[in-house]
Amino acid sequence: MSVDHEKYMDIALEEGRKGAAEGNSPVGSVIVRDGEVIGVGRNRVNSDTDPTAHAEVDAIRDACRNIGSTDLSGAVCYTSMETCPMCCWAIEAAGCSGVILGSRHADFRDTRDYGDYSVESLMKLTGRSLDVVTNVKIDECNAVRREWNATGAR
């Protein structure tokens, strides 16, 4: 069975746009298992006054509520921006098998330097593994982020 990564990334992008409209970073995430969206989330850091309310964590929380379990084994997380270490670890801790990325932090060193961080480097450092798929709708994901950066928002 072929997975339509673009379809799910479109949902993540829409969530990211909603987050930006609410005064947050334009990052959206979707948790998918067996071809079904089980959780959606967007960055809510500013609107919820919660530094842990990143899109991926929001989507994980939504998925866990929706399925009535904290075990997301077999699920994957789509996110319009590469996950930070906190979110990457939350994805791994929830039991997700993979992460599908739009933008990468390395693409935005001109606005914020994340050093040598990547999902892959964190997994290597910790001896854990996640399947990582990159460059899904990267041009659109990058455009949304650059448009937000141009507003001077942080």
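The values are calculated or read from the model by the stated rules, or taken from the named source; none is laboratory data. Keep in mind it's a predicted model, so treat the numbers as computed, not measured. Here the Cβ is made from the backbone with ideal geometry for all residues, glycine too, and neighbour counts use every protein chain on show. These accessible areas exclude ligands, DNA and RNA; they are computed on the full protein's heavy atoms, side chains included. Shrake-Rupley method; radii C 1.70, N 1.55, O 1.52, S 1.80 Å.
What number of residues in region 57-92 are within 14 Å of the chain's Cα centre (by Cα) and over 13 Å from VAL32 (Cβ atoms)? It would help to see each step written out before you state the result.
Let us first name the residues in region 57-92 that are within 14 Å of the chain's Cα centre (by Cα), namely 57-63, 75-92.
Applying the additional criterion that residues be over 13 Å from VAL32 (Cβ atoms) yields 57-58, 61, 80-90, 92.
Residues flagged as within 14 Å of the chain's Cα centre (by Cα) and over 13 Å from VAL32 (Cβ atoms) within region 57-92 amount to 15.
When you scan region 99-108, do you find a residue that is open to solvent by 30 Å² or more (accessible area, probe 1.4 Å) and over 19 Å from GLU140 (Cβ atoms), even just one? Explain how you work it out, then say what you get.
Filtering region 99-108 down to residues open to solvent by 30 Å² or more (accessible area, probe 1.4 Å) leaves 104, 106-107.
Then drop every residue that is not over 19 Å from GLU140 (Cβ atoms), which leaves none.
Looking for residues that are open to solvent by 30 Å² or more (accessible area, probe 1.4 Å) and over 19 Å from GLU140 (Cβ atoms), one finds none in region 99-108, hence no.
For region 1-39, enumerate the residues that are touching a residue at least 24 places away in the same chain (Cβ under 8 Å), under 19 Å from ILE67 (Cβ atoms) and open to solvent by 40 Å² or more (accessible area, probe 1.4 Å).
The answer is ILE11, ARG33, ASP34, GLY35, VAL37.
For region 82-154, list the helices (runs of 4 or more DSSP H) that sit wholly inside it and hold at least 2 residues that are touching a Gly at 6+ places or on another chain (Cβ under 7 Å); which are they?
Numbers: elements: 85-93, 119-126, 138-150.
The helices (runs of 4 or more DSSP H) meeting that bar are 138-150.
Hey, does region 110-123 have a residue that's modelled with pLDDT of 90 or more, more than 14 Å from the chain's Cα centre (by Cα) and open to solvent by less than 30 Å² (accessible area, probe 1.4 Å)?
Checked against the condition, which is being modelled with pLDDT of 90 or more, more than 14 Å from the chain's Cα centre (by Cα) and open to solvent by less than 30 Å² (accessible area, probe 1.4 Å), region 110-123 yields at least one hit.
Got a number for residues in region 46-93 being open to solvent by 40 Å² or more (accessible area, probe 1.4 Å), among the β-branched types (Val, Ile, Thr) and out of contact with any helix residue (DSSP H, G or I) (no Cβ under 6 Å at 6 or more places or on another chain)?
Qualifying residue count for the region: 3.
Can you tell me which residue among GLY68, GLY98 is over 27 Å from THR151 (Cβ atoms) and in contact with a strand residue (DSSP E or B) (Cβ under 9 Å, 6 or more places away or on another chain)? Quick ask: steps written out before the conclusion?
Working: GLY68 fails: in contact with a strand residue (DSSP E or B) (Cβ under 9 Å, 6 or more places away or on another chain).
Criteria check complete, one pass: GLY98.
Given (1) of a type outside the set (Gly, Ala, Ser); (2) at negative phi; (3) open to solvent by less than 60 Å² (accessible area, probe 1.4 Å), where does LYS137 come up short, assuming only one miss?
Only one criterion in (1) of a type outside the set (Gly, Ala, Ser); (2) at negative phi; (3) open to solvent by less than 60 Å² (accessible area, probe 1.4 Å) is unmet by LYS137, namely (2).
Looking at GLY41, is it closer than 26 Å to GLY152 by Cα, assigned to a helix (DSSP H, G or I) and under 10 Å from the mean Cα position of the chain (by Cα)?
Values: closer than 26 Å to GLY152 by Cα: yes; assigned to a helix (DSSP H, G or I): no; under 10 Å from the mean Cα position of the chain (by Cα): yes.
No, not satisfied.
Just to be sure, is GLY23 of a type in the set (Gly, Ala, Ser), out of contact with any strand residue (DSSP E or B) (no Cβ under 9 Å at 6 or more places or on another chain) and either more than 23 Å from GLY127 (Cβ to Cβ) or not in a helix (DSSP H, G or I) (or both)?
Details: of a type in the set (Gly, Ala, Ser): yes; out of contact with any strand residue (DSSP E or B) (no Cβ under 9 Å at 6 or more places or on another chain): yes; either more than 23 Å from GLY127 (Cβ to Cβ) or not in a helix (DSSP H, G or I) (or both): yes.
So GLY23 passes the test.
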